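Down below is the structure, laid out as structure tokens.
The values are calculated or read from the model by the stated rules, or taken from the named source; none is laboratory data. Keep in mind that what you see is a predicted model, and the values were worked out from it rather than measured. Positions of Cβ are generated from backbone atoms using ideal geometry, with glycine treated the same way; all protein chains shown enter the neighbour counts. Accessible surface areas use protein heavy atoms only, side chains included; no ligands, DNA or RNA. Shrake-Rupley method; radii C 1.70, N 1.55, O 1.52, S 1.80 Å.
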Amino acid sequence: MLKIDGKIVARRNEEAMLKALNQFGWLRTRDLAALIWQKAKKKRVSFELIPLMLEAPNMRTCQIVLARLRRKRMVNRIKAPDASWIYGLAVAGARELNRLGIEAKSAEDSLKRISLSFYHHRRIANEVAIIAAIQ
């Protein structure tokens, strides 16, 4: 079996995260981990609203990639009203996606305007969309 170079895997993970943040606007760490690394257990005919069950290695990988993207200043993070971290695309991350041919803009303004009611509504909507994408 051919083993892929770690740098290539890291680059793919970074691109997947930047694309997800561009698509959703902002996401929590657990949402990113579920969206990128969680696979559907079995094929479902219809949509079922089931909770996201994350494995520790997937969550840790997500945290490592997010830390690397923060050091490169490609993502911004703020503390959400429920004390979790939420991440959005920074200017450098949007520039990188534009270089790859994906139309993107930074989420710096939308991260500054998060109120408690909007945050909970958007968090739940994002989670339902992620569950649907996984299924």
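Check the chain and count each lysine pair with an alpha-carbon distance under 17 angstrom, considering only pairs eight or more places apart or from different chains. Could you put the intermediate results ahead of the total?
Details: LYS7/LYS72; LYS19/LYS72; LYS19/LYS105; LYS72/LYS105; LYS79/LYS112.
The number of close lysine pairs in the chain is 5.
Placing MET17, MET59, MET74, MET53 in order of accessible area, with the largest value first and a 1.4 Å probe, yields MET53, MET59, MET74, MET17. For mean projected area of the Cα convex hull in nm², the candidate list reads (1) 9.6; (2) 7.5; (3) 8.9; the entry that matches the value derived from this model is (1).
Mean residue ellipticity at 222 nm, helices only, the chain: -18000 deg cm²/dmol; runs of at least 4 DSSP H residues each add -39,500 (n - 2.57), and the sum is divided by the number of residues. Distance between the 7 Å Cα→Cβ label points at ASP5 and LEU116: 5.1 nm.
Using the Kyte-Doolittle scale, find the helices of the chain whose mean hydropathy is at least 0.5 and whose Cα atoms extend 24 Å or more along the helix's long axis, counting only whole DSSP H runs. Length and hydropathy pass: 116-134. Ranking LEU89, ASN13, SER117 by how far each Cα lies toward the positive end of the dipole of the chain (charges on Cβ) leaves ASN13 at the top. Assuming a ≥ b ≥ c are the square roots of the Cα gyration tensor eigenvalues, decide whether segment 72-127 counts as rounded (a/c under 1.5), prolate (otherwise, with a/b larger than b/c) or oblate. It is prolate, given that a/c is not under 1.5 and a/b is the larger ratio. Mean-square fluctuations from a GNM of the chain, with a 10 angstrom spring cutoff on Cα atoms, peak among LEU116, LEU27, LEU89 at LEU116. Counting charges near ASN22 (Lys, Arg +1; Asp, Glu -1) among other residues having Cβ under 9 Å from its Cβ returns a value of +1.
With only Lys, Arg, Asp and Glu charged, each at its Cβ (+1 for the first two, -1 for the last two), find how big the charge dipole of the chain is about the Cα centre; round to the nearest 20 debye. Provide the component values of the computation, followed by the final result.
On the way: 27 positive and 12 negative charges, 73 e Å.
The calculation lands at about 360 debye.
In the full protein context, segment 1-123 carries 65 Å² of accessible surface per residue, based on a 1.4 Å probe and ignoring ligands, DNA and RNA.
Of the GluC sites (Glu not before Pro) found in segment 42-135, those in coil by DSSP whose Cβ has at most 16 other Cβ atoms within 10 Å are GLU48, GLU55, GLU103.
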